[in-house]
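Down below is the structure, laid out as structure tokens.
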Amino acid sequence: MGLATVYEADHGNQNKLFIASDDTEFIAETLYGKVTAENIERCKRSSGMIVLFERGQGCVFTAGTCEWVAGLIESTVKNSQGVDFV
């Protein structure tokens with residue numbers, strides 16, 4: 001399990017930020033109804049998980065995210081199959 005973030009503080013980078021705070025503000029408003037300093041703090045950090053395991057001649061790799069629900073809502077052909085072979 002690894003730490004993840006959806007926030008990047010501006011330390012005088014003259015608007016050359018990669019992440020910035022747009023996603024954090026969206027999450028804060030979605031979850032808590034309002035973008036406040038407290039809600040931004042609550043939403044800045046998260047975690048991600050990568051798992052690999054083998055059984056017999058098979059191997060399973062999964063990289064879980066918090067966005068899988070959005071993929072199900074969109075109901076595209078690729079995510080409705082449930083499995084992606086690499």
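The values are calculated or read from the model by the stated rules, or taken from the named source; none is laboratory data. Just so you know, these numbers come straight off a predicted model, no measurement behind them. Every residue, glycine as well, gets a Cβ built from its backbone with ideal geometry; the counts of neighbours run over all protein chains shown.
Note on segment 1-16: among residues that are out of contact with any Phe, Trp or Tyr (no Cβ under 8 Å at 6 or more places or on another chain) and within 29 Å of VAL51 (Cα to Cα), the one that is modelled with the highest pLDDT is TYR7. ILE19 meets each of the listed conditions (1) surrounded by 12 or more Cβ atoms within 10 Å (Cβ to Cβ); (2) more than 16 Å from the chain's Cα centre (by Cα); (3) modelled with pLDDT under 85 apart from (2). Scanning segment 28-42 turns up one or more residues that are among the aromatic types (Phe, Trp, Tyr) and over 30 Å from PHE61 (Cα atoms). Number of residues in segment 40-63 that are under 26 Å from TYR7 (Cβ atoms) and not in a strand (DSSP E or B) equals 5.
Exactly one residue out of LYS44, LYS34, LYS78 is surrounded by fewer than 11 Cβ atoms within 10 Å (Cβ to Cβ), out of contact with any Leu (no Cβ under 7 Å at 6 or more places or on another chain), basic (Lys, Arg) and at pLDDT 85 or above: that is LYS34.
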